[in-house]
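The values are calculated or read from the model by the stated rules, or taken from the named source; none is laboratory data. Just so you know, these numbers come straight off a predicted model, no measurement behind them. Don't worry about glycine lacking a Cβ; one is built from the backbone with ideal geometry, like all the others, and counts go over all protein chains shown.
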Amino acid sequence: MKRILFILIALFTLVGCVEENSTKNSITIENYNKIDKGMGLDEVVEILGEAKEAPKDSNEIDNATTSTYIWDGIVNDSFIAVTFDKDERVSTKFQSGL
């Protein structure tokens, strides 16, 4: 019984690692360039996968709320940051290390 439990835990751990790496593999300059101003959050998630830090921050300026989401890359200090307006549409994007 303990052996079966150990195997199940190991499998769930491996599945989690594969899923995280597949998201990180989508953090490329090619995918960054596919993101356009006005795209919806769901469209960006379709390209990059789920954000690991969502939302990073929220700001309210003149009743306009924005949220910034971060997608970390494989290489240290590589990431894509996308800021969405109150309608969850891309307003700005930034990348580093891609």
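Points worth noting:
- Qualifying residue in the stretch 9-19 (condition: at pLDDT 65 or above and out of contact with any Cys (no Cβ under 7 Å at 6 or more places or on another chain)): no
- When residues in the stretch 34-44 are screened for being modelled with pLDDT of 95 or more and surrounded by 12 or more Cβ atoms within 10 Å (Cβ to Cβ), 6 of them pass.
- Per-region count, the stretch 83-93, residues within 14 Å of the chain's Cα centre (by Cα) and modelled with pLDDT of 95 or more: 2
- Residues of the stretch 47-71 that are in a strand (DSSP E or B), modelled with pLDDT of 90 or more and of a type outside the set (Val, Ile, Thr): Tyr69, Trp71.
- Count of the stretch 70-91 residues which are among the polar types (S, T, N, Q) and over 22 Å from Asn25 (Cα atoms): 1
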